[in-house]
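Quick notes on the structure that follows.
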There are 2 protein chains.
Amino acid sequence: MREGPDIARIASLVGDPARANMLNALMGGTALTASELALEAGVSLPTASSHLSKLMEGGLLTLASQGRHRYYGLASAQVAGMIEAIIGVAEAVGPKRVRPGPRDAAMRVARVCYDHLAGEQAVAMLDRLFDRKLLLREHNEIRLSSAGASHFSALGIEIQAKARRPLCRACLDWSVRRSHLAGTLGAAILDKIITEKWARREKDSRAVVFSPGGKREFERVFLA
Amino acid sequence: MREGPDIARIASLVGDPARANMLNALMGGTALTASELALEAGVSLPTASSHLSKLMEGGLLTLASQGRHRYYGLASAQVAGMIEAIIGVAEAVGPKRVRPGPRDAAMRVARVCYDHLAGEQAVAMLDRLFDRKLLLREHNEIRLSSAGASHFSALGIEIQAKARRPLCRACLDWSVRRSHLAGTLGAAILDKIITEKWARREKDSRAVVFSPGGKREFERVFLA
DNA sequence: CGCATGGTTCGATCCTCATCGAAGCATTCC
DNA sequence: GGAATGCTTCGATGAGGATCGAACCATGCG
């Protein structure tokens, strides 16, 4: 009966269906209000509020108050990574989907992971950025080369190393089992994709759908 | 109220203290019997048995019957990775340890992760193997170079690619936040360390303690 | 100010599930 | 075969916690 970190406490927070739905919704990266999360989880507002305070107390969420709105978001990329890991196991053992449906197919191609792009497109992009030496592997970290710095700034992607958050990070993809790009740069790239309207977020889903023209542009810029 | 993989189901399996203790114990990599796990979790044998069947049904465990003994083990490295991720979050948010105690310090230096070595020593080893070009990074995978193949076989470390399991794999370390070596080769190296008596497994813990002479040998062979 | 809206707290209800003792199977040893 | 060991199933008990309605704060708007 050793001590150690209280893993059961963390896991049981994710282990309730209502809370799991909320966390899943927050994996989209945008912070949501209590009522939106209540709707998402399919519970009443009081119930949702109770769950949210538990998640807060457990350190899994952050809260940003803006006037009478209170926006809940995932506490950290580490928490997001944990949830992806759990999703990965659930996918693997779950005999749920006999065949992957169309929505799942879209998710495999491209989806939002916390605040950056994930899925086949994202994995291909990271590979290509390495090939073109815009990013460099260093031990197990990823570094931006000087060529990469000028390349991204030419694209109008702001690059500024925040204090706490690494610029580039590798994030493991549950669908492809390969890494894609996270960190500030990964977030900035997703931002560009959305603001340029190359792709749009699927309603009520993490899926990201490229328009035909947007796909061409994306491939020209990142997969060339 | 979307469908998707049943993440709550998986998380709730880990969310019970008794089950979490069992899984934690199994992170040591050796399969254990129901009575050992009952002792580990601090519950009676019937209770443990009930938990074990739930974990089996959830696909988190594998069972190997040998005579009247039934050995339970983690189902896959993916499950082990998920548990490491949860441990990582629990470490991060848990204000448990004010200061890391001595046992925790030993865990940080070297410990067993499923079936291979983790901790600072393991991270340093992987770095060095890359530097010496015994292992090569390829995209996000790790490949054994021909120099590496002869090097390991000279050490008497058997290298044979099993069908299902990759030879080399990167596994993220929760204490160091860097990768260490998993896969068949990682397991073989841990095996060598133990059989050569360079280090011993701490009783009732995942910690691995090197003897003074063993540490020298390990450093000569893997960190030179 | 008063009213509407977003959110939390309180209280009561209900149900799942963790727990253990006792009994039942299976395997091995003598 | 019989006894012992390892483990599972059954049944009863009990506690934690998920849920919602109603009441209660807080903010913003007219």
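Observations on the model:
- Inter-chain Cβ neighbour average for residues B:13-26, partner chain, 10 Å: 4
- Distance from region B:109-137 to region B:1-66 (C-alpha centre basis), Å: 29
- Vicinal HN-Hα couplings computed from phi for region B:21-28 (Karplus, 6.51 cos²θ - 1.76 cosθ + 1.60; Hz; Gly/Pro x): 4, 4, 4, 4, 5, 6, 4, x
- Estimated vicinal HN-Hα couplings, Hz - region A:71-86 in sequence order (Karplus 6.51, -1.76, 1.60; Gly, Pro = x): 9, 9, x, 5, 6, 6, 5, 5, 5, 4, x, 4, 5, 4, 5, 5
- Rounded accessible area of A:Asp131 (nearest 10 Å², 1.4 Å probe): 90
- Based on Cα contacts under 8 Å between residues 6+ apart, region B:7-75 shows a relative contact order of 33 percent.
- For A:42-51, mean number of other protein chain Cβ atoms within 10 Å: 0
- Volume of the Cα convex hull of region B:7-75, divided per residue and given in Å³: 75
- Less than 5 angstrom separates the built amide H of B:Cys113 from those of B:Ala118, all sequence-distant by 5 or more or on a different chain.
- Förster radius 45 Å - calculated FRET efficiency between A:Arg70 and B:Glu219, Cβ distance, rounded to 0.05: 0.25
- With the highest mean first, a sort of the peptides A:19-25, B:55-61, B:28-34 on other beta-carbon atoms found within 10 angstrom per residue produces A:19-25, B:55-61, B:28-34.
- Here's how it looks for A:Arg70: its modeled amide H is under 5 Å from those of A:Ala34, which are all 5 or more places away or on a different chain.
- Per residue of A:123-135, other chain Cβ atoms within 10 Å of the residue Cβ number 1 on average.
The values are calculated or read from the model by the stated rules, or taken from the named source; none is laboratory data. Quantities reported herein were computed from a predicted structural model and do not represent experimental measurements. Positions of Cβ are backbone-derived with ideal geometry, glycine not excepted, and every protein chain shown enters the neighbour counts. All accessible areas refer to the heavy atoms of the entire protein, side chains included, with ligands and DNA or RNA removed. Shrake-Rupley method; radii C 1.70, N 1.55, O 1.52, S 1.80 Å.
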